[in-house]
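Working notes, structure below.
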């Protein structure tokens, strides 16, 4: 059943929720938020879209299978984990740039780790939900 | 001593898995990457082992946070030995999987998941933080769920449901224990806990927490009242997967029992008696279960349960000799149990069945392979001078000096039944005339020599390791001696982690 | 507050155990989930609940002068929730597959006799 109200709302909510998820991702190191919550919000945006327009349309919107996000995210996260070893520090030590960057703030390896988590969470959640919803039909 | 080397064995498998994900659906590349990855992992593990063996306990503070606050990775003798054995077994399984696992399973990501599993195992062995141990356990569990269900035959899914339910339950118990432990001590670092636990005023709540850990790890390592899930799930997946499970997954539960009940909690009289009683009953139920089974893998599953009893009983006696015997048995068991399931897989390749009644005459057709398998089977049964013999001597000696004749008797009964079962297996599968009238399904003979080699070589590697353990027992005894010394005197471990 | 949470944990554990002892697979899953949630609340409770005192330190102080809420139990619970999310979703897909294959929700129908082994 397609509801016009939900469809119109989803059309506007999708970019807003994605923006909000990016906001959560970026403020995550010192404030509430982070990769996991951000990833959940982003995937909820797509889930809402799939409720309104059907799973097939959401998959078209995504171009790639969400499964591909998992290895990409894992790679980014493990690169951020491994990077300090090149500087002779223990694994997972936070590396930080000296100068804060406007809008985003301080950038460090923790942000890239969070970015990896963000992508993995989107990939996992969407893969699971799409698998379950496509399996029933 | 602080060293990044510790985490290398974990990272190798992580990067191998990631590389394989990048080569999704390219099964040949994945096979080569898998063997290369496990080989590198083995080299790192051997390096780590020699460093710990010649030097002292190594530690590494992840994220550079100081020890009781951050997560610390510790490699003492027990951890280093377990990592080394895991990487030997992983190398063998990875070579065997190259031909022993179907292409369909590889397309669904068998190899990356296998490497995530080995990564989780290495992480669990090396971590010095009890909550981190829980997380590694979960990594192992999730990977093992996927491996168990890949391919999805009916029997496999049935086994998976039981396995899943019991393992999630075990994790819940473990997590409850961790929560209680944090509530009463305010720490999660195992070395720090070892110092804080004796200072807790209300020792009865400490014992309660210990019981949560006992149940959680007991389910995972399949001890007596909690073992039912193991024989009803381990015979279902492909043999390469069953080898990983049988050789490594239950042993990570044993490792956790050793770690928690020697370092964090010191067992009191009640706990020791409980361990011994559980050990005796595990030996007997496992042994009697194995007698009546006709399917090779079901039989091996019960033998796993039976031999876990030896280790648990050794832990329960809690003397130097007993711990030495238990650790030696663990070393012997990890390699042999992995090999047994690989052998079951090879027999399946040779004859298309694993039912002993339908098998026979393998010795006449494949004498060389049969002799190789005989080495493994007889070292499992503990024929002197092979590797299963020495630890039992220590266990029996420890039982006598503790005047615990029930345990001694059950070790002897368990060993005899193992011997009987192995002898029956040998005569049914190898000596008996082939019962099939027409030509049996042999998927081994048409294989190319290279692929045949890939199936037999891992069994050979593990058999050579077993032979080495048996014939150079004094070296293994030295290793086990150091491990048991570290278990009884935890001061070096605590000093290495916390500094003074 | 503590007493309420204690009662809640008791109810969750009791319901979880009851569900696990049933023969239905869906109830088994629900029971495991309830037990997991009970455990999470238990960890939350054991971390000594402190209201309105975030663990944020003043810029000019080196150690906490005041009592503060312990963030570690919350970090533990978050990790446990993430893990149980993964496990539960996997379990749901697995149970759906089993149901599609066997056509029954009863755990007793889950036993292949030994004769059918390969």
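All of the numbers you see were taken from the coordinates with simple rules; none came from a lab. Being a predicted model, the structure only gives us computed values, none of them experimental. Reconstructed Cβ throughout: ideal geometry from the backbone, glycine too, with neighbour counts over all protein chains shown.
Among A:94, A:123, A:73, the largest mean-square fluctuation in a Gaussian network model of chain A (Cα springs under 10 Å) belongs to A:94.
Calculate the FRET efficiency for residue B:319 and residue C:108 from the Cβ-Cβ distance with a Förster distance of 41 Å, rounded to the nearest 0.05.
For R0 = 41 Å, the calculated efficiency reads 0.35.
Listed from fewest to most Cβ neighbours within 10 Å, the set B:386, B:78 follows the order B:386, B:78. Each 10 Å bin from zero holds the following percent of Cα-Cα pairs in segment C:21-106: 15, 31, 22, 16, 10, 5, 1.
By the count of other C-beta atoms within 10 Å, a proxy for reagent exposure, C:46, B:117 are ordered fewest to most as C:46, B:117. As a ratio to 2.2 N^0.38 Å, the alpha-carbon radius of gyration computed for the protein assembly as shown takes the value 0.96. For the peptides C:15-21, B:379-385, the ranking by packing is B:379-385, C:15-21, with the highest mean count of neighbouring Cβ atoms within 10 Å listed first. Separation of segment B:262-322 from segment B:142-183 is 21 Å, based on Cα centroids. When both segment B:103-136 and segment B:49-81 are represented by their alpha-carbon centers, they are found 19 Å apart.
Quick check on the protein assembly as shown: of the DSSP beta bridges with both residues there, what percent are antiparallel, nearest 5%?
Once the DSSP bridges in the protein assembly as shown are tallied, antiparallel ones form about 90 percent.
With Rh defined as the Kirkwood radius, the inverse of the mean 1/r over Cα pairs, the Rg/Rh of chain B is 0.95. Other protein chain C-beta atoms within 10 Å of residue C-beta, averaged over B:352-358: 1. Using a Gaussian network model on chain A with a 10 Å cutoff between Cα atoms, which of A:13, A:86, A:119 fluctuates the most? In this elastic network of chain A, the residue with the biggest mean-square fluctuation among A:13, A:86, A:119 is A:86. Each Cα pair under 8 Å and six or more residues apart adds its separation to the average, and for chain B the resulting relative contact order is 16 percent.
Treating r as the C-beta distance of residue B:195 and residue C:48 and R0 as 25 Å, the FRET efficiency rounds to 0.75.
Pairs of C-alpha atoms in segment B:21-122 farther apart than 16 Å represent 62 percent of all such pairs.
Rounded to two decimals, the Cα radius of gyration of segment B:324-409 over 2.2 N^0.38 Å is 1.37. Neighbour counts of C-beta atoms inside 10 Å place A:11, C:62, B:432 in the sequence C:62, A:11, B:432, starting with the fewest. Shielding by partners for peptide C:36-42, expressed as the average number of C-beta atoms from other protein chains within 10 Å of each residue's C-beta, is 4.
Convex hull volume of the C-alpha atoms in segment A:4-136, normalised per residue: 114 Å³. With both labels modelled 7 Å from their Cα along Cα-to-Cβ, the residue B:453 to residue A:79 distance reads 3.8 nm. Projected onto their three principal axes, the Cα atoms of segment B:267-494 cover extents of 62, 34, 27 Å, largest first. Helical content alone sets the calculated 222 nm signal of chain B at -24500 deg cm²/dmol, taking -39,500 (n - 2.57) per DSSP H segment of four or more residues and averaging over every residue.
Put a dot 7 Å past the Cα of residue A:132, heading toward its Cβ, do the same for residue C:72, and the two dots end up 3.4 nm apart.
Inter-part distance, segment B:363-388 to segment B:423-479, computed on C-alpha centroids, equals 7 Å.
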